[in-house]
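Q: Supplied in structure tokens, the structure appears directly below.
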Amino acid sequence: MALGALDIAADLTGFAGSVVIVVQYYLSLRGRIDTSGVAYPLGNLCGSLLVMVSLCVHFNLPSLCIEVFWSSVSLYGVLTALWRRSRRAGL
């Protein structure tokens, strides 16, 4: 069965999201990224959303569930980091 352009685009989008998540995790283990800042949860959120885009074409319920959870936790992390930043700035 030949893959169409949409299938290939979905696969590439999903792979890109997976790479973002895994690279960020690796960098956090190496101490190369501040996990309490905005960049880490924002990167995870973007990666998770990219994976979810690919799931629109290649649906898999368990994968969607984990990505919804991952995105929710990442969004919480982004909001928490922004809240901490605003508290430090005295806003």
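Derivation of every value follows stated rules applied to the coordinates shown; laboratory data play no part. None of the values given here were measured: they were computed from a predicted structure. Using ideal geometry, Cβ is built from the backbone for each residue, glycine included, and neighbour counts are taken over all protein chains shown.
Q: One-quarter of the Cα convex hull surface for the chain, in nm²?
A: 7.0
Q: Now, a different point. In nanometres, what is the gap between the two model label sites at residue 27 and residue 80, each 7 Å from Cα along Cα-to-Cβ?
A: Once both label points are built, they end up 1.9 nm from each other.
Q: Relative to the longest principal axis of the chain, what angle (0 to 90°, nearest 10) does the C-alpha long axis of helix 5-29 take?
A: The answer is roughly 30 degrees.
Q: Still on this structure, I have one more. Could you tell me how many degrees, from 0 to 90 and to the nearest 10, lie between the Cα long axis of helix 39-57 and the main elongation axis, the longest principal axis, of the Cα atoms of the chain?
A: 20
Q: Please work out the C-alpha center-to-center distance from segment 59-91 to segment 8-42 and express it in whole Å.
A: So the separation of the two Cα centres works out to 13 Å.
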